[in-house]
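In what follows, a structure is listed as structure tokens, so that the remarks can point back to it.
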Amino acid sequence: MVAMVAPALSLACTSAQPLATPDPTRILIVEANGNVVRQSTNDENSRLTFSAPFARVWTALVQTYAELGISVNVDDRPTGRFGNVGFLAPRRIMNRPLGAFYQCGSGLTGPLIDNGRLTADIVTSLTSQPDGTTSAITHVGGFLRKNEGSSSDAIRCASTGAVEEYIRTSVEAKLKATP
């Protein structure tokens, strides 16, 4: 028995095949029409570093959220958190359809985001770094309730990355414009 196990272990240990990169999404459901609804398994938070001190980044961030038209219910400068948790998203943000910012899957009539009400979260957390820079993590997510019927389970929605990208570019532009 030992003689049979040793060659098998030897093969397992010497087999140097590269590991496959896992798919960054997982399948949640396959709809009746064959559409696959996936959910990202990647870190859904946008992480970046600004080459400016906390106070300047905070000011630029506050201005950026105002441009987005997002009212704020999280304004905690001591912990560096700014944004809104649990707001009823408007049908359009910055004159763009909500589907440009959130993915909630699709059905027979198209994207589900067009057939429901989105309760959204957009929150940025800032942290001062020892080198004088400021790190930022922005979380964008939400839950959609479809309009039809009297009750339905909420559908988890993920970010398309557009809000995070807007926040990044807007804050960077404001930092460049002010000394």
Quiz item: In the range 64-99, which residues are part of a strand (DSSP E or B), surrounded by 12 or more Cβ atoms within 10 Å (Cβ to Cβ) and not charged (D, E, K, R)?
Solution: 74, 82, 83, 84, 85, 87, 93, 97
Exercise. Output the residue which, of all residues in the range 126-136 that are surrounded by fewer than 18 Cβ atoms within 10 Å (Cβ to Cβ) and among the small types (Gly, Ala, Ser), is farthest from residue 65 (Cα to Cα).
Key: 132
Quiz item: Applying the selection to the range 100-149, what residues are over 28 Å from residue 47 (Cα atoms) and assigned to a loop (DSSP other than H, G, I, E, B)?
Solution: 108, 109, 147, 148, 149
Exercise. Check 112, 108, 144 and return the single one that is over 18 Å from residue 85 (Cα atoms), among the aliphatic types (A, V, I, L, M), open to solvent by less than 60 Å² (accessible area, probe 1.4 Å) and at pLDDT below 95.
Key: 112
Exercise. Restricting attention to the range 147-179, report how many residues are at negative phi, surrounded by 13 or more Cβ atoms within 10 Å (Cβ to Cβ) and not hydrophobic (A, V, I, L, M, F, W, C).
Key: 10
Quiz item: Right, residue 118: in contact (Cβ under 8 Å) with a residue 24 or more places away in the chain, open to solvent by less than 10 Å² (accessible area, probe 1.4 Å) and either among the hydrophobic types (A, V, I, L, M, F, W, C) or farther than 28 Å from residue 79 by Cα (or both) or not?
Solution: yes
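Within the range 150-171, track down each residue that is in a loop (DSSP other than H, G, I, E, B) and either in contact (Cβ under 8 Å) with a residue 40 or more places away in the chain or of a type in the set (Lys, Arg) (or both).
160, 161
The values are calculated or read from the model by the stated rules, or taken from the named source; none is laboratory data. Nothing here was measured: the structure is a model prediction, and the numbers come from that model. Backbone-built Cβ (ideal geometry, glycine too); neighbour counts: all protein chains shown. With ligands, DNA and RNA removed, areas are computed over all heavy atoms of the protein, side chains included. Shrake-Rupley method; radii C 1.70, N 1.55, O 1.52, S 1.80 Å.
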